[in-house]
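Asker: Handing you this structure, nothing more for now.
The values are calculated or read from the model by the stated rules, or taken from the named source; none is laboratory data. A quick note: this is a predicted structure, and the numbers were derived from the prediction, not measured. Here the Cβ positions follow ideal geometry from the backbone for every residue, glycine too, while neighbour counts run over all protein chains shown. Remember, those area values only see protein heavy atoms, side chains included, never the ligands or the DNA or RNA. Shrake-Rupley method; radii C 1.70, N 1.55, O 1.52, S 1.80 Å.
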Amino acid sequence: MSTVHETTLEIDLKALEHNYKFLRSKLAKDVELMGVVKAFGYGSESSEVAKKMSELGVGYFAVAYTKEGVSLRDDGITESILVLHPQSINFQEIIERCLEPSIYSEYVLREFIKTAEKLGQKDYPIHLKLNTGLNRLGFIENELETIFDYLNKTSSVKVKSIFSHLAASEDWREREFTLQQLGKFRKMAFKLFENLKYRPLLHISNTSAIINYPEAAFDMVRSGIGLYGFGNDEKINKNLKPIGTLKTIISQIHHLAAGESVGYNRAFTAIEKTKTATLPIGHADGINRQYGNGRGGVYIKDQYAPIIGNVCMDMIMIDITGIECEEGDEVILFGGPQHATKFATSGNTISYELITGISQRVKRHIIK
Ligand SMILES: *Cc1c(COP(=O)(O)O)cnc(C)c1O
């Protein structure tokens, strides 16, 4: 870790390597690991993270939107890229940039075939998304016949993989539901196999399923949060290293007398002599208002300082009474002394939302 002079999200690629190796150790040799780098690599830096993963042997990436795949291509990523949630308006660009669409509805299948035929494609790789209970995207069982009808009439596309997504792979109380999803997936995939004259890859597992349902790894797993260092479980977190540390500095220190207030709407009032610090980070940077008024806190030289008053757009104020520090000193929001999961919990949310919410305004510093 280094010292910063402004708000900075440090991204440690060594930690990424550690997490990759841990997750890989849970998988059989012939199972492929797809690196999920959507949402700027879960708020880190998607291209840097993808380059590191490709060095480590990852041959497949996933993004949510077409734009994210295009940006990886612009940055020189040449591996296969699955676009999990494309729209028909993106299909020409998907083909032009060699991205691979998730096909999740009859409409999307029909429109993609139209575009592939128009552009003279043969066997263009597509990925069929099955809905096994999440009820978000995907075909249900009685739509499989329709898929066959379309596929039998064209040679423009070829099914490279069949996949689905689990609703609660991290939650043991939902074990029965997850097993039902796996059963449905096997049944639907088998029907598809019977009708296609080749065997596409199968995948359903996200990070928590890699750990909790090793029998569901099939040909490939899709890992996001685990690579970034979070396991949705304290025991698994012990084996992972969060790759991001969010740091800022003290802009100004104030000495308040009892009765003085701090910030908008005077949400904090000092009941005794209080020393406060103002930090250059606010809700426009992803530190949302729910962390205000004492719910969240930060660390200065390993000492805890609560956020006081309302979070502003570009600033927060903290109570540093009794902490020896000066203007310019470093402050850590998460990483190091405070696990991001703990910070997220203080604001009533989860690590996924916290880390993907750190806005693009915050400087990223990559540590190789
Ligand atoms: C985001 C996403 C993943 C990755 O899930 P993690 O829990 O972060 O490992 C996998 N598959 C799909 C369809 C996703 O949307």
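Asker: Between region 325-341 and region 139-185, what's the alpha-carbon centroid distance in Å?
Answerer: 44 Å
Asker: What size of dipole, in debye to the nearest 20, comes out for region 31-228 about its Cα centre when the only charges are +1 on Lys and Arg C-beta atoms and -1 on Asp and Glu C-beta atoms?
Answerer: Taking the Cα centre of region 31-228 as origin, the dipole is about 380 debye.
Asker: Continuing with this model, one more query. With every protein chain left in place, what is the accessible area of Ile350 in Å² (1.4 Å probe, nearest 10)?
Answerer: Here the residue's solvent-accessible area equals roughly 100 Å².
Asker: Then there is this: From the phi of every residue in region 353-360, what ³J(HN,Hα) in whole Hz does the Karplus formula 6.51 cos²θ - 1.76 cosθ + 1.60 yield, where θ is phi - 60° and glycine or proline is x?
Answerer: Listing the rounded values in order: 6, 4, 6, 6, x, 5, 6, 5 Hz.
Asker: Can I ask one more? Multiply the residue separation of Thr3 and Thr146 by 0.36 nm, subtract the distance between their alpha-carbon atoms, and state the gained length in nm to one decimal.
Answerer: The Thr3-Thr146 span can extend by a further 45.6 nm.
Asker: Once ligands and nucleic acids are excluded and a 1.4 Å probe is used, how much of Val331 is accessible, expressed in Å² to the nearest 10?
Answerer: Accessible area of Val331: about 0 Å².
Asker: Using amide H atoms built 1.01 Å from N in the peptide plane, name the residues 5+ places from Gly224, or on other chains, whose amide H lies under 5 Å from its own.
Answerer: Val36, Thr207
Asker: Further, regarding this structure: Could you calculate the FRET efficiency of Gln252 with Asp302 from 1/(1 + (r/R0)^6), where r is the beta carbon distance between them and R0 is 25 Å, rounded to 0.05?
Answerer: So, using R0 = 25 Å, E works out to roughly 0.70.
Asker: Taking 8 Å as the Cα distance limit and 6 or more residues as the minimum spacing, I'd like the relative contact order of region 33-125 as a percentage.
Answerer: 22 percent
Asker: Same structure again: Collect residues whose amide H, placed 1.01 Å from N in the peptide plane, falls under 5 Å from the amide H of Phe139; neighbours closer than 5 in sequence don't count.
Answerer: Counting only residues 5 or more places away or on other chains, the set is Lys129, Leu130, Asn131.
Asker: Hey, another quick one. Antiparallel as a % of all DSSP beta bridges within the chain, to the nearest 5?
Answerer: 45 percent
Asker: Which entries of Lys122/Lys191; Lys29/Lys241; Lys29/Lys184; Lys26/Lys235 have Cα-Cα distances beyond 18 Å here?
Answerer: Lys122/Lys191; Lys29/Lys241; Lys29/Lys184
Asker: Please state, as a whole number in µm²/s, the translational diffusion coefficient that the Stokes-Einstein equation yields for region 244-367 at 25 °C and 0.890 mPa s, with Rh defined as the Kirkwood radius across alpha carbon pairs.
Answerer: Rounded to a whole number, D works out at 170 µm²/s.
Asker: Please list, in chain and number order, the residues 5+ apart from Ser156 or on another chain whose amide H is under 5 Å from its amide H, with Hs placed from the backbone.
Answerer: Here the answer is Asp123, since their amide H atoms fall under 5 Å of that of Ser156.
Asker: Accessible surface of Phe163 in the full protein assembly, 1.4 angstrom probe, to the nearest 10 Å²?
Answerer: 0 Å²
Asker: When Lys and Arg each count +1 and Asp and Glu each count -1, what net charge do the other residues less than 15 Å away from Asp314, Cβ to Cβ, add up to?
Answerer: Net charge in that neighbourhood comes out at +1.
Asker: Further question on the same structure: Whole-Hz ³J(HN,Hα) for each residue in region 200-211, computed from phi via Karplus 6.51 cos²θ - 1.76 cosθ + 1.60 with θ = phi - 60°, x for glycine and proline: what do you get?
Answerer: Per-residue couplings from phi come out as x, 6, 10, 7, 9, 7, 9, 3, 5, 6, 4, 7 Hz.
Asker: DSSP loop (so not H, G, I, E, B), at most 14 other Cβ within 10 Å: list which trypsin sites (Lys or Arg not before Pro) in region 268-343 pass both filters.
Answerer: Of the trypsin sites (Lys or Arg not before Pro), the ones in loops of region 268-343 whose Cβ has at most 14 other Cβ atoms within 10 Å are Lys273, Lys301.
Asker: Let me ask something additional. Compute the long axis of helix 13-25 from its Cα atoms, compare it with the longest principal axis of the Cα atoms of the chain, and write down the angle in degrees, 0 to 90, nearest 10.
Answerer: Helix 13-25 sits at roughly 50 degrees to that axis.
Asker: Then there is this: Loop only per DSSP, at most 12 neighbouring Cβ atoms within 10 Å: give me the trypsin sites (Lys or Arg not before Pro) in region 98-184, ordered by residue number.
Answerer: Listed in order of number, the matching sites are Lys122, Arg136, Lys153.
Asker: Convert each backbone phi in region 61-73 into a coupling constant with the Karplus relation 6.51 cos²θ - 1.76 cosθ + 1.60 (shift: θ = phi - 60°), then list the ³J(HN,Hα) values in order as whole Hz, x for Gly and Pro.
Answerer: Each residue's phi maps through the Karplus curve to give 10, 10, 10, 7, 10, 4, 3, 5, x, 4, 5, 5, 4 Hz.
Asker: In region 255-295, which chymotrypsin sites (Phe, Trp or Tyr not before Pro) are in a loop and have at most 10 other Cβ atoms within 10 Å, using DSSP for the loop call?
Answerer: Of the chymotrypsin sites (Phe, Trp or Tyr not before Pro), not one in the loops of region 255-295 has a Cβ with at most 10 other Cβ atoms within 10 Å.
Asker: Using only Cα atoms and rounding to the nearest 10 degrees, what angle (0 to 90) does helix 46-56 make with the longest principal axis of the chain?
Answerer: That helix lies at roughly 60 degrees to the long axis.
Asker: What FRET efficiency would be calculated for the residue pair Ala28, Asn293, taking the C-beta separation as r and a Förster radius of 56 Å, to the nearest 0.05?
Answerer: 0.70
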